[in-house]
Amino acid sequence: MLYKKYTLEVPYEKAGVSADGCRAVLTAFVPDKLPHDCRDFKRKAVIICPGGGYEYCSVREAEPVAVRFMSYGITAFVLDYSCVNKLFPTALLELGAAFKFVRDNAERFGIDSDSIFVCGFSAGGHLAASLAVHWNKPYIYGSLGVNAEYIRPKGAVLSYPVITSGEKRHDGSIVNIAADNKELWETVSLEKQVTSDTVPVFIWATCDDELVPVENTILFTAALAANSVPF
């Protein structure tokens, strides 16, 4: 098994975001062997976004998750994205750049370029869900110099995700990416951004979560259902 870190080139300025203090590192967890009887075998891949309230990237939702995915034969990447006072769409641009990197290097990593998923936990779930709903926004794909479909995930795996900026919000996460900008608060309230173009979703949460109210998940699934998005 190979562990390797890559520093991502992110065109922040093209999307009107300051690059000061930003850092995005993608760690690849790549199996060292492919099945002997399948020379042309291509693995699925997943980009993992750890939680941490957009204050830090939680280590417990990083490598352990990647290794678990690898145990099922899925090539995994962990994104260490920029946090704290890095307003939206800073981290989303970094996730978009990570997705582009993985797709650009699909042959190198033995990946099926049409089977790249995103996965996130808590605030990282918000980040993964942001790509799920915003992948076709010009300020994302245009900044990366690709067409929208190039950064469209096959699907999103969301674990107790932060979703809303409304009454049931996780206040710390929303303030960290939107400050007091009420227009941004609307944009990052992802239940309001779901359309029929949103990618398929696997989502779970627990009703006794004391940090991210389960209503975040309920609001998002209701929006998915209203737009006929599989989940």
What does the highest-first list of 72-85, 170-183 look like by mean Cβ count within 10 Å? 72-85, 170-183
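Using a 1.4 Å probe over the heavy atoms of the protein chains, calculate the carbon and sulfur portion of the accessible area of the chain as a whole percent.
The C+S portion of the solvent-accessible surface of the chain is 52 percent.
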Where Rh denotes the Kirkwood radius from the mean inverse Cα pair distance, what is Rg over Rh for the range 153-199? 0.99
Furthest towards positive pole of dipole, G125, T75, I151, structure part the chain, Cβ charges: T75
Round to the nearest 10 and give me the degree value, 0 to 90, for the angle of helix 123-134's Cα axis relative to the longest principal axis of the chain. 90 degrees
Report for the range 1-148 the percent antiparallel among DSSP-assigned beta bridges with both residues inside it, nearest 5. 50 percent
Using alpha carbons only, how many angstrom separate the centre of the range 36-75 from the centre of the range 188-220? 21 Å
Report ³J(HN,Hα) in whole Hz for each residue of the range 69-82, in order, from the Karplus equation J = 6.51 cos²θ - 1.76 cosθ + 1.60 where θ = phi - 60°; Gly and Pro get x. 4, 4, 5, 9, x, 10, 6, 10, 10, 10, 9, 9, 9, 6
How large is the charge dipole for the chain, taken about the Cα centre, if only the Cβ atoms of Lys, Arg (+1) and Asp, Glu (-1) carry charge, to the nearest 20 debye? 640 debye
Loop-only check: which trypsin sites (Lys or Arg not before Pro) in the range 70-167 are DSSP coil with at most 16 other Cβ within 10 angstrom? K154
When the dipole is taken about the Cα centre of the range 132-231, and only Lys, Arg (+1) and Asp, Glu (-1) are charged at their Cβ, what size is it in debye, to the nearest 20? 400 debye
Computed over the chain, protein heavy atoms only, probe 1.4 angstrom, the accessible area per residue in square angstrom equals 46 Å²
Residue-by-residue Karplus 3J(HN,Hα) for the range 106-117, coefficients 6.51, -1.76, 1.60, Hz, glycine and proline x: 4, 5, 4, 8, x, 10, 6, 5, 9, 10, 10, 10
In Å, descending, principal axis extents of the Cα set of the chain: 54, 38, 32
Using the Cα gyration tensor of the range 83-197, with a ≥ b ≥ c the square roots of its eigenvalues, what is the shape: rounded (a/c below 1.5), prolate (a/b larger than b/c) or oblate (neither)? prolate
For the pairs K44/K182; K5/K168; K4/K168; K14/K192; K5/K100, flag any whose C-alpha to C-alpha distance is greater than 27 Å. K44/K182; K5/K168; K4/K168
DSSP loop GluC sites (Glu not before Pro) in the range 68-171 with at most 13 other Cβ atoms within 10 Å of their Cβ, which ones? E167
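The values are calculated or read from the model by the stated rules, or taken from the named source; none is laboratory data. On a predicted model such as this, the values are computed, not experimentally measured, just so you know. Glycine also receives a Cβ, built like all others from the backbone with ideal geometry; neighbour counts cover every protein chain displayed. In case anyone asks, the SASA skips ligands and DNA or RNA and just uses the protein heavy atoms, side chains included. Shrake-Rupley method; radii C 1.70, N 1.55, O 1.52, S 1.80 Å.
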